[in-house]
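Asker: Below: one structure in structure tokens.
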């Protein structure tokens, strides 16, 4: 069985998903839609699919599922529109910037018995999955502490910052999901600090570009997240999990993993330049998992509920920064 896809949004992440869908033998990209006709046509030309309107894709009998890569403020409405039409939905994070709106959207998904998967692609990175695999095997004993480092090579334009929902909802939200994935328990307390160290314009836009977050579960397990919008040396993505019997870590990845030794010393190639190349395998694997969910082989995961909980952690972090205190998750959910 081949799953027939429609792609909503032909921007940067839309291009990534177009490649992932087209590269899967169990899928075919049937149509693409974008507010910018030229962007949609470029994907159509590259992958041999149609350019259609969103409503036409929704009504189409030759499309089984959609990948939503449109601006965040359209996600919830589109999820509802397509689950009501009986199509499976894969949606980029976040579902919405409002917890209340996300809850409302998930009620519609449940009422229509829809399939919804949220794009927390890092769960599917083979290196991070291997870390989780060692946890599951009991290699490091009981998880006690998680350390997540995630730093972008450069800050996005301030115009993007203004509509992104802020660093916690836009960037750290991936790390909130990864922390839940690795801790194996829900977070009960959040403490966060934030600063503007990279671009004063980001501060003027009401956001931060450098943050540290501490998460704690009811049993005392902890996770520390370090985010920066600037890493001059490349896309910095590392995790370490410390347990009662040892630790396991995933180091930064490079396009070429070599080390050169000369009289001048040891050198290694630079890191990946951003998420499009660093997480290529993860994007392909998450689309494969979505296809499996549609075939009934597994549940759609990360789920809409996972998206809700990651956003709730972002809200707790924002509240912690604003009020300068530890925030209990019972205050948020």
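Only the coordinates and a few stated rules stand behind these numbers; no lab work does. Values in this document were obtained by computation on a predicted structure and should not be read as measured data. A quick note on method: Cβ atoms are made from the backbone with ideal geometry, for glycine too, and the neighbour counts reach across all protein chains shown.
Asker: List the relative contact order of the range 1-44 as a percent without decimals, with contacts defined as Cα pairs under 8 Å and 6+ residues apart.
Answerer: Numbers: 59 pairs, mean separation 20.7, N = 44.
Computed over the range 1-44, the figure is 47 percent.
Asker: Along each principal axis of its Cα atoms, how long is the range 70-204 end to end? Whole angstroms, biggest number first, please.
Answerer: Extents along the principal axes, in whole Å: 45, 44, 28.
Asker: OK, next. Using a 10 angstrom cutoff on alpha carbons, build the Gaussian network for the chain and name the most mobile of 265, 234, 114.
Answerer: 265
Asker: Rank these for me by crowding, 178, 276, going from fewest to most other beta carbons within 10 Å.
Answerer: Details: 178 25, 276 15.
Ranked by crowding around the Cβ, least crowded first: 276, 178.
Asker: How far is helix 72-84 tilted, in degrees, relative to the longest principal axis of the Cα atoms in the chain, given as a value from 0 to 90 rounded to the nearest 10?
Answerer: Compared with the principal axis, the helix lies near 50 degrees.
Asker: Here is a further query. Going by alpha carbons, how many degrees (0 to 90, nearest 10) lie between the helix axis of 126-137 and the longest principal axis of the chain?
Answerer: 70 degrees
Asker: Now a separate question. Which of 117, 145 has the fewest other C-beta atoms within 10 Å, and how do the rest follow up to the most? Working shown, then result.
Answerer: Details: 117 25, 145 15.
Fewest to most other Cβ atoms nearby, the residues stand as 145, 117.
Asker: Compute the angle between helix 99-111 and the longest alpha-carbon principal axis of the chain, please, reported from 0 to 90 degrees and rounded to the nearest 10.
Answerer: 50 degrees
Asker: More than 32 Å apart: what percent of Cα pairs in the chain qualify? Could you put the intermediate results ahead of the total?
Answerer: Working: 16831 of 55278 pairs.
Percent of Cα pairs beyond 32 Å in the chain: 30.
Asker: Moving on to the next point. Give the Rg (one decimal place) followed by the Dmax (whole number) of the range 3-114, computed from C-alpha coordinates and expressed in Å.
Answerer: Cα radius of gyration and Dmax of the range 3-114 are 13.3, 39 Å respectively.
Asker: Could you give me the percent of Cα pairs per 10 Å distance bin for the range 85-136, shortest bin first, beginning at zero and ending with the bin that holds the maximum distance?
Answerer: Histogramming the range 85-136 at 10 Å steps yields 21, 38, 26, 15, 0 percent.
Asker: Now a separate question. For the chain, what is the percent of antiparallel DSSP beta bridges, rounded to the nearest 5?
Answerer: Working: 33 of 60 bridges.
Rounded to the nearest five, the antiparallel share is 55 percent.
Asker: Still on this structure, I have one more. What is the extension gain from residue 137 to residue 325, computed as 0.36 nm multiplied by their sequence separation minus the C-alpha to C-alpha distance, in nm to one decimal? Each step should come with its number before you reach the end.
Answerer: Numbers: separation 188, 0.36 × 188 = 67.68 nm, distance 3.65 nm.
Gain in length upon complete extension: 64.0 nm.
Asker: In whole angstrom, how far apart do the alpha carbon centroids of the range 283-315 and the range 55-114 sit?
Answerer: 13 Å
Asker: Could you state the number of Å between the C-alpha centres of the range 185-241 and the range 22-43?
Answerer: Using only Cα atoms to place each centre, the spacing works out to 34 Å.
Asker: Quick one: length gained pulling residue 53 to residue 244 fully straight, 0.36 nm per residue minus the C-alpha distance?
Answerer: 63.4 nm
Asker: Further question: Return a whole-number percent for the relative contact order of the chain, with Cα pairs under 8 Å and 6 or more residues apart as the contact set. Write down the numbers at each step before the final one.
Answerer: Working: 672 pairs, mean separation 62.8, N = 333.
Here the relative contact order equals 19 percent.
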